[in-house]
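The values are calculated or read from the model by the stated rules, or taken from the named source; none is laboratory data. Quick caveat: nothing in here was measured; it's all calculated off a predicted structure. All Cβ positions, even for glycine, are placed from backbone atoms using ideal geometry, and neighbour counts span all protein chains on display. Each accessible area value is taken on the protein alone, full model and side chains, heavy atoms only, with ligands, DNA and RNA left out. Shrake-Rupley method; radii C 1.70, N 1.55, O 1.52, S 1.80 Å.
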Amino acid sequence: MRQKQLMTPLGAITVASDGDALTGLWFTDQRYYGSTLSTGTSLGDAPVFSALADWLTAYFDGQRPTVDFPVRPTGTVLRQAVWSVLRTIPYGEVRTYSELATLVTPMIGHNPGARAMGNAVGHNPISLVIPCHRIVGQTGDLVGYAGGLTRKKSLLRLEGSLTMTSERVVLEKN
């Protein structure tokens, strides 16, 4: 395992790799920082870090880069299902926790409920690339981002297609 620190416009991040795939990406001051970072992880480079650095540059330049490098988060079956669904939320769109639960239900065989969704989203070990910032409360409230609500708001603004008022995203009605 290798780890490295990178800078973004929203602060320093620590990234981790198993030598092939990206296994972690945390803002250095976020809740659950390094939650899946093994104690034997050494500082250094990995091929995926270069691809990630290019992706981050494009993302923060307002582009819509494709994740074309391997991503391998570690977690429970529920968390893996949630993180898989998060990766399908398009750039500039949001989903609510209840919408997320509806999408995860067929994957695990039961509705896990909002609290379990919040827990799985909050423990996402690969922020930004697995876009947990695109999950909002039922009425569009900006809740539950381990990197902080200020960063969540910045990320949603960066993605541009959201109308924001105060601490709430204006959700479109279907």
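When the trypsin sites (Lys or Arg not before Pro) in the stretch 1-48 are filtered for DSSP coil states and for at most 15 other beta-carbon atoms within 10 Å of their beta-carbon, the remaining sites are R31.
So what's the stretch 40-103 giving for Rg/Rh, alpha carbon basis, Kirkwood Rh from the mean inverse pair distance? Working shown, then result.
Details: Rg = 14.6 Å, Rh = 14.1 Å.
Across the stretch 40-103, the Cα-based Rg/Rh ratio is 1.03.
Report the convex hull volume per residue for the stretch 74-141, counting only C-alpha atoms, in Å³. Please list the in-between numbers first.
Numbers: hull volume 5.2 nm³, N = 68.
Looking at the stretch 74-141, the number lands at 76 Å³ per residue.
If each DSSP helix of 4+ residues adds -39,500 (n - 2.57) and the sum is divided by the residues in the chain, what number results at 222 nm, nearest 500 deg cm²/dmol? Can you show the working numbers first?
On the way: 5 runs with 57 residues, N = 174.
That calculation yields -10000 deg cm²/dmol at 222 nm.
Using the per-residue mean of other Cβ atoms lying within 10 Å as a proxy for protection, in what order, highest first, do the peptides 54-64, 119-129 fall?
Values: 54-64: 14.3, 119-129: 22.2.
Order by mean packing, descending: 119-129, 54-64.
Using DSSP, restrict attention to beta bridges with both residues in the chain and report what percent are antiparallel, rounded to the nearest 5. Don't skip to the answer; put the middle values down first.
On the way: 15 of 21 bridges.
So the antiparallel bridges amount to about 70 percent of the total.
Other residues within the sphere of radius under 11 Å centred on the Cβ of P131, judged by their own Cβ, net out at +2 (K and R +1, D and E -1).
In this view, the solvent-accessible surface of L10, computed with a 1.4 Å probe and all protein chains in place, comes to about 40 Å². For M107, M7, the ranking by accessible surface with the largest value first comes to M7, M107, using a 1.4 Å probe. At an R0 of 35 angstrom, the distance between the Cβ atoms of Q138 and T57 translates into a FRET efficiency of 0.50. Remark: the L43-T66 segment gains 5.6 nm on full extension, using 0.36 nm per residue and subtracting the alpha carbon distance. The mean sequence distance of close C-alpha pairs (under 8 Å, at least 6 residues apart), as a share of the length of the stretch 1-114, puts its relative contact order at 20 percent.
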